[in-house]
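Comments concern the structure below.
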Amino acid sequence: ALNAIADGIERRAEDLAQVETCDNGALLRSHRRGVMPRAAHNFRFFADWLGRLDAGDLEISGHREQVSWAPSGVTAVITPWNAPLMLATWRIAPALAAGNTVVAKPPEWAPLTASLLADITAEAGLPDGVFNVVQGTGTEAGAPLAAHPDLARVCFTGSVATGRLVAAAAGAQLTPVSLELGGKSPLLVFADADLDLAVRHAVGQYDNAGQVCLAGTRLLVDERIAGEFTARFLDAAAALRQGDPRDEDTDMGPNITRQHLERVDGFVRRAVAAGARPLLGGTVNADLGGLYYRPTLLADAKPGSEILTEEVFGPVLTLQTFSGEDEAVALANSTRYGLAATMFTGDHDRAERVSARLVAGTVWVNCFFVRDLRAPFGGAGLSGIGREGGTWSFDFYGDVKNTVYAPEGWRSDG
Ligand code: NAD
């Protein structure tokens, strides 16, 4: 059934991509090339991994201990709007693979692909009641779901503020929760880095109009190369095409709602009022109208200020410089988040040294966003609780069980 769901997503990928773009404004080309294939892969991967779950037998004084993963029950999956189908399927697929039933609560700002997924799961032959979608706002649908006493697991992806509410509601029932929350990730550029590569990835942080939990929004650059880096960054950013997300040539689409656009603009206005200096952008793109925010780069923000510590979730990056590894690490770790960190360096030893000191669930060295589904994913600090991926997913969604067999010849009669 899981593979049939993957087939269904692939068959309807163009529909899903178009609907998702109309719903949340993210690029159609990304939905076509990256998101929909990944959504299908989520189901194939966990279907396949189910057959590979094996902790190996343990042996103690002749007894054999066998680990297995039993279904745990009803799983709630509450998800945000920035990558609706991808984020939902990354939780729904392993929950179903573990033998659970699922109640999904999609984001009210981008609810449509979840309902299409329900059509696809029905076509794939899932029995009624195995995959369910409850549409509605966070208050009306999300909160009662998270607090429901019959749940076995609660998966939440979204903001820290809502994560706290969901964890508290689940905690009242002692329902295990997996939280994937926000980020304020650093992108470090050491003086020995391949600058072209670093600049390309730094500008790439404007992807999805900055509405990406993993985005490396704090650019931390060795002071010796900061001038050269900034000049090249501004050149590369000037080439970004902002416009209709359905157009194949568009690099940056709009933000999702006026309310969110105003929130992003509020962060920038307060930062500038507090002394930050825009090197790029800093305003709504009035030429385009609609909900487009200009790609923005802010320098000279005060240490500890809001723009350096709080998640903006828009196309807003900050630039800070460092002198030496210790300062780089201190700046990188100077928020309460710990979702990801990205670094560019030509020195492998430095990469290992710095990676060991960074507080982050994922560290990318000279690359970004690559992630195999076998690997653990999750955040440290305020960025979340728990790890999923490969067997880690089954450890969360399943009830892990140990069965101990007595030695051969256990009968008392000999
Ligand atoms: P949000 O917390 O406002 O909403 C997320 C979901 O929770 C929505 O479906 C919403 O309806 C629901 N919800 C709201 N109030 C609720 C309540 N009281 N009880 C239960 N559910 C409730 O987040 P958002 O604005 O939709 O998404 C953006 C946030 O998500 C950012 O912080 C971003 O970093 C984070 N995010 C994290 C990851 C990750 O993997 N760590 C991935 C994507 C997005």
**OP:** Please determine, by comparing only the residues of segment 23-33 that are part of a helix (DSSP H, G or I) and in contact (Cβ under 8 Å) with a residue 40 or more places away in the chain, which one is nearest to ASN82 (Cα to Cα).
**Re:** ASN24
**OP:** Please find, within segment 209-223, the residue that is farthest from the ligand (Cβ to nearest atom) out of those that are open to solvent by 10 Å² or more (accessible area, probe 1.4 Å) and under 20 Å from THR362 (Cα atoms).
**Re:** THR217
**OP:** Considering every residue within segment 148-160, establish whether at least one is more than 15 Å from the ligand (Cβ to nearest atom) and in a helix (DSSP H, G or I).
**Re:** no
Subject >> Sole residue being farther than 30 Å from GLY346 by Cβ and touching a helix residue (DSSP H, G or I) at 6+ places or on another chain (Cβ under 7 Å), chosen from VAL177, VAL203 >> reply: VAL177
Original post:
What do you reckon, is ALA76 more than 12 Å from the ligand (Cβ to nearest atom) and open to solvent by less than 40 Å² (accessible area, probe 1.4 Å)?
Top reply: no
Subject >> Which listed residue is over 22 Å from PHE45 (Cβ atoms) and either surrounded by 15 or more Cβ atoms within 10 Å (Cβ to Cβ) or more than 9 Å from the ligand (Cβ to nearest atom) (or both), from PRO106, PRO111, PRO94 >> reply: PRO111
**OP:** Could you list all residues from segment 161-198 that are outside any loop (DSSP other than H, G, I, E, B), under 25 Å from TRP364 (Cα atoms) and away from the ligand (no atom under 11 Å from the Cβ)?
**Re:** PRO186, LEU187, LEU188, VAL189, LEU195, ASP196, LEU197, ALA198
Original post:
Residues in segment 48-71: is at least one in a helix (DSSP H, G or I), within 29 Å of THR175 (Cβ to Cβ) and among the hydrophobic types (A, V, I, L, M, F, W, C)?
Top reply: yes
Subject >> Every pair of residues 6+ apart whose Cβ atoms lie under 9 Å, when the first sits in segment 97-110 and is part of a strand (DSSP E or B) while the second is aromatic (Phe, Trp, Tyr) and more than 9 Å from the ligand (Cβ to nearest atom) >> reply: THR101/PHE131; VAL102/PHE131; VAL103/PHE131; ALA104/PHE131
Original post:
Taking interchain pairs and intrachain pairs at least six residues apart, which have beta carbon atoms under 6 angstrom, with the first residue in segment 36-64 and closer than 23 Å to THR121 by Cβ and the second crowded, with 19+ Cβ neighbours inside 10 Å and β-branched (Val, Ile, Thr)?
Top reply: ALA39/ILE9; ALA39/THR89; ALA40/ILE9; ASN42/THR89; PHE43/ILE5
**OP:** State whether the residues of segment 346-361 include one that is of a type in the set (Ser, Thr, Tyr), in contact with a strand residue (DSSP E or B) (Cβ under 6 Å, 6 or more places away or on another chain) and assigned to a helix (DSSP H, G or I).
**Re:** yes
Subject >> segment 316-326, residues that are within 16 Å of the ligand (Cβ to nearest atom) and under 21 Å from ILE225 (Cα atoms) >> reply: LEU317
Original post:
With respect to THR391, is the statement that it is away from the ligand (no atom under 13 Å from the Cβ), assigned to a strand (DSSP E or B), surrounded by 16 or more Cβ atoms within 10 Å (Cβ to Cβ) and in contact (Cβ under 8 Å) with a residue 12 or more places away in the chain true?
Top reply: no
Subject >> Selection status of PHE313, aromatic (Phe, Trp, Tyr), more than 14 Å from the ligand (Cβ to nearest atom), surrounded by 17 or more Cβ atoms within 10 Å (Cβ to Cβ) and in a loop (DSSP other than H, G, I, E, B) >> reply: no
Subject >> Hits in segment 327-379 (condition: away from the ligand (no atom under 16 Å from the Cβ) and buried (at least 20 other Cβ atoms within 10 Å of the Cβ)) >> reply: ALA328, VAL329, ALA332, MET343, PHE344, THR345, VAL354, LEU358
Original post:
Of the residues that sit in segment 263-291 and are under 22 Å from PRO245 (Cα atoms) and either hydrophobic (A, V, I, L, M, F, W, C) or touching a residue at least 60 places away in the same chain (Cβ under 8 Å) (or both), which one is surrounded by the fewest Cβ atoms within 10 Å (Cβ to Cβ)?
Top reply: ALA286
Original post:
Applying the selection to segment 114-139, what residues are part of a helix (DSSP H, G or I), open to solvent by 40 Å² or more (accessible area, probe 1.4 Å) and within 16 Å of the ligand (Cβ to nearest atom)?
Top reply: SER115, THR139
**OP:** Test ARG218 against the criterion of being touching a residue at least 12 places away in the same chain (Cβ under 8 Å) and farther than 19 Å from GLY34 by Cβ, and give yes or no.
**Re:** yes
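The values are calculated or read from the model by the stated rules, or taken from the named source; none is laboratory data. All values reported here derive from a predicted model rather than from experimental measurement. With ideal geometry, Cβ positions are generated from the backbone for all residues, glycine too; neighbour counts draw on all protein chains shown. We work out accessible area using only protein heavy atoms, side chains counted, and drop any ligands, DNA or RNA first. Shrake-Rupley method; radii C 1.70, N 1.55, O 1.52, S 1.80 Å.
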